[in-house]
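Report on the structure given below.
A short reminder: the numbers here are calculations on the coordinates, not readings from a lab. Everything quoted here is computed from the prediction, not taken from an experiment. Cβ placement follows ideal geometry from the backbone for every residue including glycine, while neighbour counts extend to all protein chains displayed.
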Amino acid sequence: MNGFVHIGWRRAGLFGLVVTALVWAIVTIQPEKEIALVIGEPWEDMRQRSSATIDLAVPGHTWFRIPRSDARLRFIDPQYAFVTPLARFFTVNFDDERVDGVRMSPQIEPLLLDDTLKVVLDLQDQWRQGGWTPRWVNDFPSFADTPEWRAQLRDVNKGGSAYWGAGDKYQAMLVVGRFRDDKRPTEERYLITLGLHRSRGVQ
């Protein structure tokens, strides 16, 4: 009898391990959600292409919608494409049922400075490789991992901003600032803001 009990427990344990492994595999192989868009396209085209769920636009109105889950932005312009990390704050603007712009924080929590710079520099590298160019660099130089930039970002009264343009089609704005994270009050944490919209004139 004890042998049967032992075998039963062993089988139950093995079954539990198999179930756990299957659940883990399902979770890990599921792709991260994304909003894939082109500025100016019909809103419904963006909704159908994206794996993240986002609500309908309102005909005749200018407003925004928020994806129902964390999602990355996949900007799919044929020349100026780029991809962001997952974002928790993510708004997509519409104007009469057409995609009109994006405002987001490409992160799911406030980041340490090293991680913040990795995100910002990766975005700038993607833009540079795709033919974007910095704008108004005398007043808003592009971000860099230098002692000067680190000191500026650590200053709660300064932070930093940079602007990039994609020919005469799009403009992007990056802003980084210190953020007091109540979950980690002793750590220096940062928020990134990314704004993306059609170009309103090249200067």
Exercise for review: Among the residues of region 54-71, write down those that are in contact with a strand residue (DSSP E or B) (Cβ under 9 Å, 6 or more places away or on another chain), assigned to a loop (DSSP other than H, G, I, E, B), surrounded by fewer than 19 Cβ atoms within 10 Å (Cβ to Cβ) and not acidic (Asp, Glu).
Suggested key: Leu56, Val58, His61, Ile66
Revision key, fill the gap. For region 132-155, pairs from a residue that is free of Cβ contacts under 8 Å to residues at least 40 places away in the same chain and surrounded by 13 or more Cβ atoms within 10 Å (Cβ to Cβ) to a residue that is part of a helix (DSSP H, G or I) and of a type in the set (Lys, Arg), with Cβ under 9 Å and 6 or more apart or across chains, are Pro134/Arg128; Ser142/Arg128
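Of everything in region 36-53 that's aliphatic (A, V, I, L, M) and either part of a helix (DSSP H, G or I) or touching a helix residue (DSSP H, G or I) at 6+ places or on another chain (Cβ under 7 Å) (or both), which residue is surrounded by the fewest Cβ atoms within 10 Å (Cβ to Cβ)?
First, the residues of region 36-53 that are aliphatic (A, V, I, L, M): 36-39, 46, 52.
Filter once more, keeping what is either part of a helix (DSSP H, G or I) or touching a helix residue (DSSP H, G or I) at 6+ places or on another chain (Cβ under 7 Å) (or both): 36-37, 46.
Numbers: Ala36: 19, Leu37: 24, Met46: 22.
Step by step, filter region 36-53, then rank; the result is Ala36.
Looking only at region 156-203, which residues are of a type in the set (Gly, Ala, Ser), under 25 Å from Asp114 (Cα atoms) and touching a residue at least 60 places away in the same chain (Cβ under 8 Å)? So that I can check it myself, show each step before the final result.
So the first thing to find is which residues in region 156-203 are of a type in the set (Gly, Ala, Ser), and the list is 159-162, 165-167, 172, 177, 195, 199, 201.
Add one more test, that the residue is under 25 Å from Asp114 (Cα atoms), and what stays is 159-162, 172, 177, 195.
Gly195 - this is the single residue of region 156-203 that is of a type in the set (Gly, Ala, Ser), under 25 Å from Asp114 (Cα atoms) and touching a residue at least 60 places away in the same chain (Cβ under 8 Å).
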**Study point:** Residues (over 18 Å from Thr193 (Cβ atoms) and assigned to a helix (DSSP H, G or I)) located in region 117-142
**Key:** Asp125, Arg128, Gln129
Check your understanding: Mind checking which residues of region 72-92 are outside any loop (DSSP other than H, G, I, E, B) and surrounded by 19 or more Cβ atoms within 10 Å (Cβ to Cβ)?
Key -> Arg72, Leu73, Phe75, Phe82, Ala87, Phe90, Val92
Review point. So which of Gly159, Gly167 is small (Gly, Ala, Ser) and loosely packed, with under 14 Cβ neighbours inside 10 Å?
Key: Gly167
